[in-house]
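A quick write-up on the structure given underneath.
The values are calculated or read from the model by the stated rules, or taken from the named source; none is laboratory data. All values derive from a computational prediction rather than experimental measurement. Here the Cβ positions follow ideal geometry from the backbone for every residue, glycine too, while neighbour counts run over all protein chains shown.
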Amino acid sequence: MFARSSGYAVKALTHLAGQPSGKLVGAREMATTLDIPMPFLWKILRRLGQKKLVRSFKGVRGGYQLARPAETIYVREILMASQDNHVGRCILGLAQCDDQAPCPLHSHWKDLRAEIEHTLETTTIADLAGNAKQSRRRRARRALARASATC
């Protein structure tokens, strides 16, 4: 539904949101950790910088950080910065699809689209970073439980 670049942008910003305040993260480190091709990540980070979502610092100790608090960066902004605004479009990709000239799925997609748009407008990177931390903790607890069970 969304372009790969949008997914990578969300992953990159979520990763930055999970860092301690003031810590800069290098693009290479981010690319390796998130499994994003380096040239693609640079392009994404440049666009996010232009849209004032990240700040970059040059030099040996340089890197990237969020341009503002994670609680104020909404997923919708990231998708717009990535030029990925597919949510408002026809689910079948038709150019003409609205209440007056609906596609066969229009009535089903309309309510779902409104729900998705609401989620994108109200979910912040801080929300996603918190969910990612909880998921890592759950996986670590399960791995520890499995390891304890085999001992």
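Here are the numbers for this structure:
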item	result
Candidates Leu105, Leu120, filtered to the one that is surrounded by 14 or more Cβ atoms within 10 Å (Cβ to Cβ), farther than 28 Å from Arg28 by Cβ and out of contact with any Lys or Arg (no Cβ under 6 Å at 6 or more places or on another chain)	Leu105
Residue count, the range 52-70 (criterion: in contact with a Gly (Cβ under 9 Å, 6 or more places away or on another chain) and closer than 19 Å to Thr124 by Cα)	5
Any hit, the range 65-86, residues being more than 29 Å from Lys23 (Cβ to Cβ) and surrounded by 12 or more Cβ atoms within 10 Å (Cβ to Cβ)	yes
Selection within the range 36-59 - under 19 Å from Ala81 (Cβ atoms), of a type in the set (A, V, I, L, M, F, W, C) and free of Cβ contacts under 8 Å to residues at least 40 places away in the same chain	Ile36, Phe40, Leu41, Trp42, Ile44, Leu45, Leu48
The range 20-51: number of residues that are within 18 Å of Ala126 (Cβ to Cβ), of a type outside the set (Gly, Ala, Ser) and more than 15 Å from the chain's Cα centre (by Cα)	3
Filtered residue count, the range 5-35, keeping only those that are among the charged types (D, E, K, R), more than 17 Å from Ala129 (Cβ to Cβ) and either in contact (Cβ under 8 Å) with a residue 12 or more places away in the chain or touching a Cys at 6+ places or on another chain (Cβ under 7 Å) (or both)	0
Out of Ser6, Ser107, Ser82, sole residue that is among the hydroxyl-bearing types (Ser, Thr, Tyr), over 14 Å from the mean Cα position of the chain (by Cα) and at pLDDT below 95	Ser107
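The rows are residues; the columns are (1) within 30 Å of Trp109 (Cβ to Cβ); (2) exposed (fewer than 15 other Cβ atoms within 10 Å of the Cβ); (3) among the charged types (D, E, K, R).
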site	(1), (2), (3)
Ala9	yes, no, no
Thr14	yes, no, no
Pro20	no, yes, no
Leu34	no, yes, no
Met38	no, yes, no
Leu45	no, no, no
Gln50	no, yes, no
